[in-house]
C-alpha cells in the first residue's frame, strides 16, 4: 500500500496560534470595562459614540437598571462588544475624555493667571488689557485690592473667586 496522499510527520502544517483562557478572560473584561464607560456617559455624549441599534438599546437599559440587573446587563454589553468593531467606539470615548482634559487644562491656566494677577497687580492687569481691550480695568483693580485685603485679614476669599469668574468670562467666551 502506498501513502503518497499523506504528509510526512516532519512537514510543518499551518501554524496554530494558541490563546490562553486567562488572556481571553482579560480581553472580555476589557470589553466589559469599555461597556461600563459607555453606560456612565450622559445621553448627549452617548449620541456621539458610533453604536448599532442593539448596543445602544442595551446601554440605555443598563443606565436604568440597579444592582444585580445592572451587573447582568453589563455582562450582556460585554458579550455584544465581542461582535462589533470596538476601535471606533474606543476612539470616540478617547475623544470625549480628551475634551474634558482640555477643559480642565484651560481652567488650570486661568487659575494660574488669577494667582499672578493677585501677586503682580497692575502689570498683570496691563497684560490682560492688551489681550482684551474691552475688559474693565477699574473692576479688575478693585477685585485685586479686595482679594489682597481678604487674604491679609484671613477672611473668606470672595474676591478671589470673583476674579476667577471674571477671567473665565473674558477668556472662555472668545
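Bear in mind that the values in this text are calculations on the coordinates, not laboratory data. Remember, it's a predicted structure, so these values are computed and weren't measured experimentally. Don't worry about glycine lacking a Cβ; one is built from the backbone with ideal geometry, like all the others, and counts go over all protein chains shown.
With a cut-off of 8 Å between alpha carbons and a minimum separation of six or more residues, what is the relative contact order of the range 15-139 in percent?
Details: 58 pairs, mean separation 30.6, N = 125.
So the answer I get is 24 percent.
Which number comes out as Rg/Rh for the chain once both Rg and the Kirkwood Rh are worked out on C-alpha atoms? If you can, show how the numbers build up before the last one.
Values: Rg = 29.1 Å, Rh = 21.7 Å.
Using only Cα positions, Rg/Rh for the chain is 1.34.
Could you list 94, 61 so that the one with the fewest beta carbons within 10 Å of its beta carbon is first and the one with the most is last? If you can, show how the numbers build up before the last one.
Working: 94 10, 61 15.
Fewest to most other Cβ atoms nearby, the residues stand as 94, 61.
Per residue and in cubic angstrom, what volume does the convex hull of the Cα atoms of the range 104-172 have? Present the calculation step by step, with values, prior to reporting the outcome.
On the way: hull volume 5.3 nm³, N = 69.
For the range 104-172, the hull spanned by Cα atoms encloses 77 Å³ per residue.
How much length would be gained if the chain were fully extended between residue 130 and residue 149, taking 0.36 nm per residue of separation minus their Cα-Cα distance, in nm to one decimal? It would help to have the intermediate numbers written out before the result.
Values: separation 19, 0.36 × 19 = 6.84 nm, distance 2.62 nm.
Full extension from residue 130 to residue 149 adds 4.2 nm.
Assuming 0.36 nm per residue, please report the length gained on full extension of the stretch residue 60 to residue 111 beyond their Cα-Cα distance. The partial results should precede the final answer.
On the way: separation 51, 0.36 × 51 = 18.36 nm, distance 3.73 nm.
Difference between extended and current length: 14.6 nm.
Label points 7 Å out from Cα along the Cβ direction at residue 139 and residue 15: separation in nm?
Spacing of the two 7 Å Cα→Cβ label points: 6.8 nm.
Which one, 43, 88, 133, has the greatest fluctuation when you compute a Gaussian network model over the chain with C-alpha springs under 10 angstrom?
It is 133.
Would you kindly state how much longer the chain becomes between residue 42 and residue 71 on full extension, computed as 0.36 nm times their sequence separation minus their alpha carbon distance, in nm to one decimal? Spell out each step's value before the answer.
Details: separation 29, 0.36 × 29 = 10.44 nm, distance 1.88 nm.
Between residue 42 and residue 71, full extension yields 8.6 nm more.
In nm, to one decimal, how far is the modelled label at residue 85 from the one at residue 165, with both set 7 Å along Cα→Cβ?
Placing both labels 7 Å beyond Cα along the Cβ direction yields 4.8 nm.
Against the longest principal axis of the chain, how steep is helix 67-81, in degrees 0 to 90 to the nearest 10, with axes from Cα atoms?
Helix 67-81 sits roughly 70 degrees off the main axis of the chain.
Looking only at 105, 58, 157, which one moves most when the chain is put into a Gaussian network model with springs between Cα atoms under 10 Å?
Looking only at 105, 58, 157, the largest GNM fluctuation is found for 157.
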